Amino acid sequence: MKIGVIDSGVGGFSVLRELYQLMPGEEYFYLSDQEHSPYGDKDTEYLRKRLFVLCDELLAQEVDLIVIACHTATAQAIEALRANYQLPFVGIEPYLNVLKHPQDGDQYVVLMTESTSKSSRFHELRERLDPNKKINLFACKKLASIIEAYFHDEITAMHCVQSVALELKHIENLKSSLPQLTTAILGCTHYPLVSRQIEAATGLKTIFPGQAIAKRVKERLYSLFAYSTASDIHTDGFHYRRKVSDPWQHKPWKYLQKVATIG
Ligand code: DGL
């Protein structure tokens, strides 16, 4: 099957690697919208327009399903996409479901982009899963851009570590008023790429629903296309466009090792 994956940049690799782990025999088309990133400071109308352009590009590749591997784009555009295209979409949302099975004494903060934090979809999700507002919110202005720059070797590892710590320094204030704060829910797909740095900077555990999204994609493929996977067949890589204006490139799967090593 052909699966399209979209993000503003490299963040969706945190989802792509889980898709590949679960379904290594499929053909993936990863479309990054670097010319228009970051998405975190963009409004609904802007993002919807971009997402229509990206989905048209993926439809030209005849994908069977599109994964919106971006919390911001899911929050701002997935309903419009579902209303306008025939094919199935799977999106990603901040993992407030953690409240269904809370660990004793754990308290949570969700890290996300400003655009996600302002979106009505996120506020509806919170109303549904966290009506008593137990989860704290923390909107990050620059974190995704720092990670993007680091991934593309535009800043050094040291610069990245310092910038991540600076961006998250107000978590300290939150921790002093909430001593039970233990866990950061990573509500942007860029953040898992530097989860170790985030944990070091904040002293919190991190959680991210990448595996659950991959399982959801598999279930959707199974129910819609009677899909079954031969788990021993591995394709040799994925198709990648860093910007919509670039041609498609072939990247070997080992390119995703970079994701595992950056942080
Ligand atoms: N990775 C995206 C997300 O999950 C977008 C980050 C950005 O471009 O600001 O929200």
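Laboratory data are not the source of any read-out in this text; all were calculated from the coordinates shown. Bear in mind that the values here come from a model prediction, so they are computed numbers and not experimental data. Here Cβ is always computed from backbone atoms with ideal geometry, including for glycine, and neighbour counts include all displayed protein chains.
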Rounded to the nearest 0.05, FRET efficiency between Lys100 and Ser177 (Cβ-Cβ, R0 25 Å) equals 0.50
Shape descriptors of the chain over alpha-carbon atoms, Rg and Dmax in angstrom, are 17.8, 52
note: the stretch 64-158, Cα-Cα separations exceeding 15 Å make up a percent value of 68
To the nearest 0.05, the calculated FRET efficiency linking Glu127 and Ala83 through their beta-carbon distance, R0 being 25 Å, is 0.70
For the stretch 23-36, in residue order, the Karplus 3J(HN,Hα) values (coefficients 6.51, -1.76, 1.60; θ = phi - 60°; whole Hz; Gly and Pro = x) are 9, x, x, 8, 9, 10, 10, 9, 10, 9, 10, 4, 5, 10
Most packed first (mean Cβ within 10 Å per residue), the peptides 198-207, 154-163, 74-83 order as 74-83, 198-207, 154-163
Expressed in angstrom and ordered largest first, the alpha-carbon extents of the stretch 1-66 along the principal axes are 36, 24, 17
PRE zone check, label point 7 Å out along Cα-to-Cβ of Ile233, amide N under 18 Å, scope the stretch 195-220, hits 218-219
Counting only backbone N atoms under 12 Å from a point 7 Å out along Cα-to-Cβ of Glu27, the residues of the stretch 1-15 in range are 1-4
In the chain, whole DSSP H helices that both stretch 20 Å or further along their axis by alpha carbon positions and average at least 0.0 on the Kyte-Doolittle scale are 44-60
For the stretch 243-258, in residue order, the Karplus 3J(HN,Hα) values (coefficients 6.51, -1.76, 1.60; θ = phi - 60°; whole Hz; Gly and Pro = x) are 9, 5, 7, 7, x, 5, 10, 9, 10, x, 4, 5, 4, 6, 4, 4
Protection proxy (average C-beta count within 10 Å per residue), highest first, orders 4-12, 106-114 as 4-12, 106-114
